[in-house]
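Below is one structure, written out as structure tokens; the observations come after it.
Every number in this text was worked out from the coordinates using simple rules, so none of it is lab data. These figures come from a predicted structure and were not determined experimentally. As a convention, Cβ positions derive from the backbone with ideal geometry for all residues, glycine included, and neighbour counts pool all protein chains shown.
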């Protein structure tokens, strides 16, 4: 099972009560570093700009960070720390003594974000909001908290905090932060398998591009979210188009984590369209960066995608090795969001080896995880896998019941392509049984689901 990272008050999203949000750019994004520390660390390590960059980012980007002309992302600063042999906190700026209490709270939360201490971010944000903060500080704290909630698997809470923060930035006219909040909301919606992810990301992208010049890091992130949302709908050509745009924009951004996600998602999209050489190329690029950053959750996703890629090349044993590694990384991360994907991959691989009990165990585990995390489309797909397993062990009544559950869930919540695939897979099973009339009926449903707007039609018909 392959893997591709709110509501709008009214159409247009970035407009509120009939007033357009102004084009104020907002503050620069990135981590605040103590002046001179990056250059000092490089000189003490005896490294040139090129030796620090090593082709992962440009020498110019390192120079801009050293001279204070740019603020690095946390991923770039982590890379600099590793290559100069300094701890991350060596570079991070402390809140200024003359800052207000509100500014200190914002700086504290952002510092914890930079350190990757997401439980610390949540605790500090909740404490600061409890003490009380002015509207600007509260919005920035909520935005940082939203990212931390997403990183710790609390997707619904993160989406709410980002939406609340966006309301303030819309009123204050900070268009850059409106776009950033929309990107976070879209990422949360994507993780929740909510079709609103595309609309949120596209409105955010429009807001970002209305800033001249558009901030490249925000634009690349939003393009990637749109691509991920189209991947979730299995619209692979559109997904590839947006991912390629994200890579083009992101190649000038010193954010290795975002670039690695783009590479991984492009690998998946190329895999689904049968362009396996391109899929391998981008998977390798993503893996190199994930290992550099020690990003276990992203490594887990990439290992799962590699498992499916290798399986399609006919190497089941090697595919299982990558899938087991993916599951191990998910277990080590302690996160459950999107874990159902690798469990369904393991089900598919074991089913291909006719290891029926093992396949059923993984499918059942995928169903339970997807139900806990609210990933409704994955609930539907897990039922379909349980149906395939039941058919393989000769339990036709159970197979029928599981496919009925899958089709019901996907008709209510899933994208049209997934509804179509469930009908098509069930039709193949019915045809193999010799029930040609029932198989033909489900094939017609599969074809009907492929039409534009078919998902909405199916949901209306079932209401």
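With R₀ fixed at 25 Å, the C-beta to C-beta distance from residue 393 to residue 428 puts the FRET efficiency at about 0.90. Rounded to the nearest angstrom and listed largest first, the equivalent-ellipsoid semi-axes of the range 391-439 from its Cα gyration tensor are 20, 13, 8. Our analysis of the range 307-444 gives Rg over Rh at 0.98, with the two radii drawn from alpha carbon positions and Rh computed by the Kirkwood formula. The label point for residue 241 and the one for residue 131, both projected 7 Å from the Cα toward the Cβ, are 4.9 nm apart.
State whether the range 168-256 is rounded, prolate or oblate according to the following rule on the C-alpha gyration tensor (a ≥ b ≥ c being the square roots of its eigenvalues): a/c under 1.5 gives rounded; otherwise a/b larger than b/c gives prolate, and the remaining case gives oblate. Oblate, since a/c reaches 1.5 and b/c is not below a/b. Projected label points at residue 209 and residue 40, each 7 Å from Cα along the beta carbon direction, are separated by 4.4 nanometres.
Just the number: Rg to Rh for the range 34-90, Cα atoms, Kirkwood Rh, two decimals.
0.89
Note on residue 278 and residue 117: the model spin-label points, each 7 Å out from Cα along the C-beta direction, lie 4.4 nm apart. Shown for 442, 168, 315, 89: other C-beta atoms within 10 Å of each C-beta, ranked fewest to most, produce the order 89, 315, 168, 442.
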